[in-house]
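Working notes, structure below.
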Amino acid sequence: MEFLTTSEAADYLRLGERKLYELVTTGAIPCSKVTGKWLFPRHELDLWVLSGMARPAGMLTAEPPPVVGGSQDELLDWSLRESGSGLGSMTEGSARGLERLQRDEVMAVAVHFHSLDAEGNLAPDASATALRDAPDLHDALLVAFVRREQGLVLPPGNPKRLRGLADVLALGSRMAMRQQGTGAQMLLDVLLTRAGASMRDLRRVETPALTGPDLTELVRAGQADCGVATRAAARSAGLDFVPLVWENFDLAMRQRSYFRPAMQALIRFLSERRLRQRAEELTGYDPSPAGQIRFAA
């Protein structure tokens with residue numbers, strides 16, 4: 001992230017330094033005080049300018065509803081409530097959520113896309129790539145929420161002694177599925193590809209689970225031997241857990257939505273100690289990147 005000094009920011013915005021200080025004093029402009037000096041993130045200034053853009057009547061774009069779509073996550077659900085943002089949630093998976101964002105049916109979407117890079121490794125920027133390739137998202141923004149641990153959720157005591165996907169395949173264990181388009185299902189697909197296998201090689205429970213907690217219920221009820229979900233979901237359900245990967249779990253939105261009051265309430269909350277404490281209680285989360293801008297179109 002590039003930072004500008006006061007004089008550089010004033011030149012960049014074509015404002016006098018006195019006016020810039022007035023905006024700083026009233027908290028009306030994004031900035032940070034470091035060792036007694038004000039610094040201004042250039043990209044945040046761009047978003048600040050865009051947030052106040054006036055458009056002719058024929059160009060007015062309807063504001064999306066204050067809803068976060070996409071992937072379900074226990075820490076995110078808690079944050080939406082505790083932040084006082086007033087944002088609701090609609091959990092349908094990363095791909096469906098991104099489609100709704102393109103149609104302005106949600107203000108933001110929680111995503112964790114997965115793919116393989118040219119060397120056959122998990123691509124660290126799969127979500128940014130998905131935004132870059134999405135039609136009608138020329139103004140997309142990706143804000144880090146947390147990193148979280150994904151793995152196999154198993155019955156208490158791990159009776160089949162499963163240590164990874166290789167054991168699931170070798171023993172023909174019944175595996176619960178998520179619906180297509182969810183990040184967990186994408187993750188399972190790419191991990192199978194890396195192992196030289198495919199979905200056809202799994203003994204699948206055909207009815208897909210809509211969320212991670214729904215999948216843990218299938219395992220807890222004995223309808224499946226395992227499935228892919230977060231460590232937090234496994235712990236909440238009282239299930240065993242075998243870690244597979246740490247993943248980026250991010251919030252995608254249009255740049256004009258970033259400075260909306262509801263979204264700003266959530267963004268500010270990401271830096272609070274309460275979020276870090278709750279992440280530690282739930283387990284399987286790394287909140288250190290929370291609030292960082294990971295991609296901007």
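The values are calculated or read from the model by the stated rules, or taken from the named source; none is laboratory data. If you're wondering where the values come from, they're calculated on a predicted model, not measured in any experiment. Note: ideal-geometry Cβ built from the backbone for every residue, glycine included; neighbour counts use all protein chains shown. Ligands, DNA and RNA are stripped out before the accessible areas are found, and what is left, the full protein with its side chains, is counted by its heavy atoms. Shrake-Rupley method; radii C 1.70, N 1.55, O 1.52, S 1.80 Å.
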(request) State the percentage of accessible surface on region 150-246 attributable to carbon and sulfur atoms; use a 1.4 Å probe and exclude ligands, DNA and RNA. (result) 48 percent
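Region 75-139: which GluC sites (Glu not before Pro) are DSSP loop and have at most 15 other beta-carbon atoms within 10 angstrom? Walk me through the numbers on the way to the answer.
Values: sites: Glu82, Glu92, Glu99, Glu105, Glu119; in loops: Glu92, Glu105, Glu119.
Listed in order of number, the matching sites are Glu105, Glu119.
In the chain, what percentage of the DSSP-assigned beta bridges are antiparallel, given to the nearest 5? Present the calculation step by step, with values, prior to reporting the outcome.
Values: 33 of 45 bridges.
Percentage antiparallel, nearest 5: 75.
Computing the accessible area with a 1.4 Å probe over protein heavy atoms, can you report the carbon and sulfur percentage for region 70-136?
In region 70-136, the share of accessible area belonging to carbon and sulfur is 43 percent.
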(request) Using the heavy atoms of the protein chains and a 1.4 angstrom probe, tell me the accessible area per residue for region 150-246 in square angstrom. (result) 46 Å²
(request) Only Lys, Arg, Asp and Glu count, each charged at its Cβ (+1, +1, -1, -1), so figure out the dipole size of the chain about its Cα centre, rounded to 20 debye. (result) 400 debye
(request) Could you tell me whether region 3-52 comes out rounded, prolate or oblate from its Cα gyration tensor? Rule is a ≥ b ≥ c as square roots of the eigenvalues, rounded for a/c under 1.5, then prolate if a/b exceeds b/c, otherwise oblate. (result) rounded
(request) Report, by chain and number, residues whose modeled amide H sits under 5 Å from the one on Phe113, excluding near sequence neighbours (fewer than 5 apart, same chain). (result) Ser127
(request) Return the single residue from Gly196, Gly172, Gly27 with maximal mean-square fluctuation; model: Gaussian network over the chain, springs between Cα atoms under 10 Å. (result) Gly27
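Is region 1-147 rounded, prolate or oblate when judged by the Cα gyration tensor, a ≥ b ≥ c being the square roots of its eigenvalues, rounded requiring a/c under 1.5 and prolate requiring a/b larger than b/c?
Numbers: a/c = 1.81, a/b = 1.57, b/c = 1.15.
Verdict is prolate for region 1-147.
For region 150-246, give me the percentage of DSSP beta bridges that are antiparallel, rounded to the nearest 5 percent. Walk me through the numbers before you get to the answer.
Numbers: 9 of 14 bridges.
So the antiparallel bridges amount to about 65 percent of the total.
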(request) Compute the Kirkwood hydrodynamic radius of region 84-234, taking the inverse of the mean of 1/r over all pairs of distinct Cα atoms, and give it in Å to one decimal. (result) 16.6 Å
